[in-house]
Structures are given as C-alpha cells and as structure tokens.
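All remarks here apply to the structure that follows.
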Amino acid sequence: MKTYSQKPSEISRRWVLFDASELPLGRLSTMIATHLTGKYKPTYTPHMDGGDYVVVINAANLVVTGDKETGKIYYHHSGFPGGIKDASLKEVREKFPERIIEEAVKGMLPKNKLQAERLKRLRIFAGSEHSHTAQTPEKVEVK
C-alpha cells in the first residue's frame, strides 16, 4: 500500500461555525485548530494546507474556568526598552474579545510557513451575528 499525499487540486474546504459560549477556551481552541489544519480529514497531509474556514461567534461570552479571568495575563512588547505592557483576560475581553481566541488558536497551530495562511481562514465575531451567512457555515456540535 502506498502513502497518500494530497494534491492542491484535491483540497476541498468547508465553512464551519463554532459558538464560543458553549465550551471553555482550551477545548474550543483545540477544536478550531484541528479544523484549520484539517487533521480530522482522512486526506490530511502535513505539508499541504487542507483545512477549513472557521467562523466563531459570541467571543465576548467566552467561558473560562478557575481564576483565569483575573489571573491570566497577556503581554505585548513594543520593541523599545521598557515597552512591555500587560493586561488581564478581563481587560482584554472588554476591549478586544476576539484576541483571546485568536491568541489561543495561534499558540496551538504548528509554527511553520502555513500558520499565517491558516489564521487568515479564522473569522471571529464578538456577538452572535456574523457576516458570512452567504457561505452557509455548518454549526459544529461540540461535546
């Protein structure tokens, strides 16, 4: 039996929809990363980007467990001396609720040349409305 390698012409992408208010951040992020890489498909090939488009709604109503609301800190550095800034998860949720999911998923994707292209297929919305209704994304049942 020969090893299967997916070709660019064989790639098929679906649009999938996740609701961030149903699962904790880690569980949600792993499912999103799996769909972006396409690892759940039997045609998965590591060097080809065969993942799906992912739409996430209700990012502002994200579920976290334990003391993460105040204890989880996000850092950002401007590149200048003394230019480090920090914000708790609660502060980031108030200003940019989409960034929480984006950072979590980015950390779970492989660090290679396909990462940026995969992240472009991730669309996150703070509320329950999204602008991709024309693509008719399928709601993924979470367990």
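The values are calculated or read from the model by the stated rules, or taken from the named source; none is laboratory data. Everything quoted here is computed from the prediction, not taken from an experiment. Neighbour counts are summed over all protein chains in view; Cβ atoms, including those assigned to glycine, are modelled from backbone coordinates with ideal geometry.
In the stretch 13-25, the qualifying residues are those that are at pLDDT 95 or above and out of contact with any helix residue (DSSP H, G or I) (no Cβ under 7 Å at 6 or more places or on another chain), and the one that is surrounded by the most Cβ atoms within 10 Å (Cβ to Cβ) is Leu17.
With the requirement that a residue be surrounded by 11 or more Cβ atoms within 10 Å (Cβ to Cβ) and either at pLDDT below 95 or more than 12 Å from the chain's Cα centre (by Cα) (or both), what does the stretch 95-111 give you?
Result: Phe96, Pro97, Pro110.
Taking the listed residues Leu28, Leu36, Leu62, the one that is buried (at least 17 other Cβ atoms within 10 Å of the Cβ) and farther than 15 Å from Arg123 by Cβ is Leu62, with no other qualifying. For the stretch 2-33, the tally of residues that are over 15 Å from Val64 (Cβ atoms) and either hydrophobic (A, V, I, L, M, F, W, C) or in a loop (DSSP other than H, G, I, E, B) (or both) stands at 17. Kindly evaluate Glu117 against the criterion of being touching a strand residue (DSSP E or B) at 6+ places or on another chain (Cβ under 8 Å) and part of a helix (DSSP H, G or I). Here the answer is no, as Glu117 does not meet what is asked. Scanning the stretch 65-83 for residues that are outside any strand (DSSP E or B) and either touching a residue at least 24 places away in the same chain (Cβ under 8 Å) or surrounded by 10 or more Cβ atoms within 10 Å (Cβ to Cβ) (or both) yields Thr65, Lys68, Glu69, Thr70, Gly71, Lys72. Pairing residues of the stretch 16-45 that are farther than 19 Å from Ser131 by Cβ with residues that are among the aromatic types (Phe, Trp, Tyr) and in a loop (DSSP other than H, G, I, E, B), at Cβ distances under 8 Å and at least 6 apart in sequence or on separate chains, gives Thr34/Tyr40; Thr37/Tyr44; Gly38/Tyr44; Thr43/Tyr4; Thr45/Tyr4. Just one of the listed residues (Glu94, Glu129) is over 21 Å from Ser12 (Cβ atoms) and not in a loop (DSSP other than H, G, I, E, B), namely Glu94. For the stretch 99-114, the set of residues classified as of a type outside the set (Val, Ile, Thr) and closer than 18 Å to Trp15 by Cα consists of Glu102 only.
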